[in-house]
1. So for each of 63-75, 215-227 I average, over its residues, the number of other beta carbons within 10 Å; can you give me the resulting order with the highest mean first?
2. With respect to the cross-link table entries 60/199; 98/203; 42/199; 41/199, which display a Cα-Cα separation exceeding 20 Å?
3. Rounded to a whole number, what % of the accessible area of the chain do carbon and sulfur atoms account for, probe 1.4 Å?
4. Treat every Asp and Glu Cβ in the chain as -1 and every Lys and Arg Cβ as +1, leave all other atoms uncharged, and give the resulting dipole magnitude about the Cα centre to the nearest 20 debye.
5. Just the Cα atoms of segment 1-104, one point each, no solvent: what log10 I(q)/I(0) does Debye give at q = 0.16 Å⁻¹?
6. So, for the chain, what is the accessible surface per residue at a probe of 1.4 Å, expressed in square angstrom?
7. Please report the antiparallel percentage of DSSP beta bridges with both residues in segment 3-185, rounded to the nearest 5.
8. Apply the Kirkwood formula to segment 149-261: the hydrodynamic radius equals the inverse of the mean of 1/r over all pairs of different alpha-carbon atoms; give it in Å with one decimal.
Amino acid sequence: MSEQEVLYEVVDGIATITINRPTKYNALNMAVRDALSDFFKKAEEDDSVRVVILTGAGEKAFAAGADITGFPGRDSTEIRPAAKAGQDLSVFIESMSKPVIAAVNGFALGGGCELAMACDIRYASANARFGQPEILLGIIPGYGGTVRLPRLVGLGIAKELVFTGDQIKADEALRVGLVNKVFESIEALHEGVKELAVKLVEKPGVAIKLAKQSLNNAWQQSLRDSLAFELDVFCQTFDTEDKEEGVAAFLEKRKPEFKHK
Ligand code: COA
């Protein structure tokens with residue numbers, strides 16, 4: 001069943017969503033994609049969840065892309081709903097009110113790379129490999145790869161990756177800005193991701209949500225519109241209890257206790 005192919009766990013405000021098809025390199029079939037959607041929605045609706053981690057089971061793959069066994073014989077009309085669902089999932093992750101961290105523990109290819117790009121922050125282990133190999137199948141990325149990759153790494157590098165289908169290693173992904181940090185082992189990756197998640201759990205939730213909205217907005221809109229949006233959400237933070245607490249804590253030289261209100 002789909003729920004076993006994706007695992008969900010919440011500990012101390014951190015939801016971990018794990019794609020669990022290690023023998024198939026965590027390839028994204030329809031059941032996996034649907035379960036991912038359900039669990040991301042669950043994490044969004046659960047007020048006790050402050051941070052979400054997305055990772056893959058095993059030591060080989062984060063996700064090696066859409067499940068290619070579902071491609072033979074399907075035409076444009078038949079593939080459209082599946083691709084739309086993949087895009088919708090990426091948009092949902094990106095629009096969540098909580099930070100989402102991708103812990104990339106191996107191959108992040110095709111839809112796997114695209115899912116990682118929809119997350120807010122990407123950490124990777126040294127064995128991670130990134131790429132958009134769709135061209136090798138005679139197709140192109142369909143879960144946002146041609147849209148988010150150039151925004152993250154620049155148009156020239158995105159074109160090279162999409163046109164060649166080549167994979168890049170974790171250190172190259174770090175160099176081009178596709179990941180934020182690389183860890184020497186998968187264990188070190190999970191420790192590093194946990195450390196970041198714990199740091200983010202303590203941050204004021206409303207301010208995190210509004211900062212994410214403003215950063216996402218700035219990624220898509222003009223400078224002028226983005227500044228207007230930032231002004232609105234910056235002012236909103238002044239109506240929160242957390243702003244009073246954060247400022248008081250600074251002035252009283254103590255640690256703030258945010259209520260996420
Ligand atoms: N869809 C379906 N199955 C996949 C898959 C995918 N995207 N990626 C890997 N698998 C399966 C393989 O078929 C294989 O299953 P099997 O053992 O039942 O034959 C298993 O995962 C392991 O893959 P394998 O190719 O044997 O491992 P490898 O180490 O030689 O190569 C990859 C690993 C990731 C480089 C290679 O599997 C690959 O290129 N996968 C496809 C990536 C891709 O094109 N993604 C975009 C799809 S749009």
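The values are calculated or read from the model by the stated rules, or taken from the named source; none is laboratory data. Quick caveat: nothing in here was measured; it's all calculated off a predicted structure. Cβ atoms come from the backbone with ideal geometry, glycine included; neighbour counts cover every protein chain shown. Protein only, heavy atoms only, side chains kept; ligands, DNA and RNA dropped before computing areas. Shrake-Rupley method; radii C 1.70, N 1.55, O 1.52, S 1.80 Å.
1. Final packing ranking: 63-75, 215-227.
2. Working: 60/199 28 Å; 98/203 11 Å; 42/199 22 Å; 41/199 23 Å.
Check vs 20 Å cut-off fails for 60/199; 42/199; 41/199.
3. It is 56 percent, rounded to a whole number.
4. 460 debye
5. Computed log10 I(q)/I(0) values: -0.69.
6. Numbers: 13780 Å² over 261 residues.
Value returned for the chain: 53 Å² of accessible area per residue.
7. 30 percent
8. The answer is 17.3 Å.
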